[in-house]
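The values are calculated or read from the model by the stated rules, or taken from the named source; none is laboratory data. Computed from a prediction, not measured in an experiment: that's the story for all the values here. No Cβ is skipped: glycine too gets one built from the backbone with ideal geometry, and neighbour counts run over all protein chains shown.
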Amino acid sequence: MKAARHNGFSVVELLVIVLVLVLIVAFLLPAISHQKAAWRMECRNNLKQIGIGFKTWALDSYDNYHFQRPAKQGGTLEAFAAGDSYRHFLWMSNQLATPKAVVCPADVRKPAKTFTNSFSNVNVSYFVGQDANDNFPQMLLSGDRNLTNGPLRPNRILELTTNSVVGWTEKMHNREGNILLGDGSVQQFSTSGLRAYLLKDGLFNGTNRLSLP
């Protein structure tokens, strides 16, 4: 009489499988960590380039950013009411050189091929701080779009105050994000770090409005 066959794994086979999986994870983790670090650096560089674009106008326009001037004065102020955040970046296309500069590599969004009629909010990863002022270097000028403290207005404006329970979603940097400040520096914040930063004295003058793409 033949012995019954067992279809399950033996203890030795299970141990081998577990060992293989452990080795795979051990090899993949450093690569994933390196990739995330590279993404963060590229994101920071994007925001620094965006900061230079904003400053180019401000230096020649009495410390006003181009998004603070109406279209008849060569600015993009009306884009806030329309919810067209991308227009603020379209204005800087010469300084940015490539649409890749406005897309974080950790974002699922894809850059447009060129700054043409096909360029829109879906090709942008960064918000624009509507209330940013060149005279207040610590205000939020731009940064990763994965912010939330509730539903957006129809014009995609997110309002922040000192009492806002603002936080990062998991969409891009796993509940962290990069912020471009008015002085041109880029800071990386966790949710708790960002909330603490927004409580700093003198940072706000009423409500700080962010235009999300």
Would you mind finding the one in Leu152, Leu180, Leu210 that is assigned to a loop (DSSP other than H, G, I, E, B) and either at pLDDT 90 or above or more than 19 Å from Lys48 (Cβ to Cβ) (or both)?
-> Leu152
If you scan segment 155-177, which residues turn out to be out of contact with any helix residue (DSSP H, G or I) (no Cβ under 9 Å at 6 or more places or on another chain) and in a loop (DSSP other than H, G, I, E, B)?
-> Asn163, Thr169, Glu170, Lys171
Can you tell me which residue among Asn163, Asn94, Asn117 is within 20 Å of Leu180 (Cα to Cα), free of Cβ contacts under 8 Å to residues at least 12 places away in the same chain and surrounded by fewer than 15 Cβ atoms within 10 Å (Cβ to Cβ)?
-> Asn94
Looking at (1) polar (S, T, N, Q); (2) at pLDDT below 90; (3) under 19 Å from the mean Cα position of the chain (by Cα), can you tell me which one Ser85 breaks?
-> (2)
For Asp107, which of the numbered conditions (1) assigned to a helix (DSSP H, G or I); (2) buried (at least 17 other Cβ atoms within 10 Å of the Cβ) fails to hold?
-> (1)
Within segment 183-207, considering residues that are polar (S, T, N, Q) and either within 17 Å of Phe127 (Cβ to Cβ) or modelled with pLDDT of 85 or more (or both), the one surrounded by the fewest Cβ atoms within 10 Å (Cβ to Cβ) | Ser192
Among (1) small (Gly, Ala, Ser); (2) at pLDDT 85 or above; (3) out of contact with any Leu (no Cβ under 8 Å at 6 or more places or on another chain); (4) farther than 20 Å from Leu140 by Cα, the one test that Ala71 misses | (3)
Those residues of segment 133-160 which are closer than 18 Å to Ser190 by Cα, in contact (Cβ under 8 Å) with a residue 24 or more places away in the chain and either over 19 Å from the mean Cα position of the chain (by Cα) or surrounded by fewer than 17 Cβ atoms within 10 Å (Cβ to Cβ) (or both) amount to Gln138
Give the residues of segment 56-91 that are within 16 Å of Asp131 (Cβ to Cβ), aliphatic (A, V, I, L, M) and surrounded by 12 or more Cβ atoms within 10 Å (Cβ to Cβ), sorted by residue number.
-> Ala58, Leu77, Ala79
Filter result for the condition that a residue is farther than 30 Å from Asn174 by Cα and either in a helix (DSSP H, G or I) or at pLDDT below 90 (or both), over Phe80, Phe9, Phe54 = Phe9
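Residues are listed down the side, and each one gets a yes or a no for (1) modelled with pLDDT under 95; (2) in contact with a helix residue (DSSP H, G or I) (Cβ under 9 Å, 6 or more places away or on another chain); (3) not in a loop (DSSP other than H, G, I, E, B):
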residue	(1), (2), (3)
Val122	no, yes, yes
Phe127	no, no, yes
Phe136	yes, no, no
Gly143	no, yes, yes
Across (1) modelled with pLDDT under 95; (2) touching a Leu at 6+ places or on another chain (Cβ under 9 Å); (3) assigned to a helix (DSSP H, G or I), Leu47 clears everything bar (1)
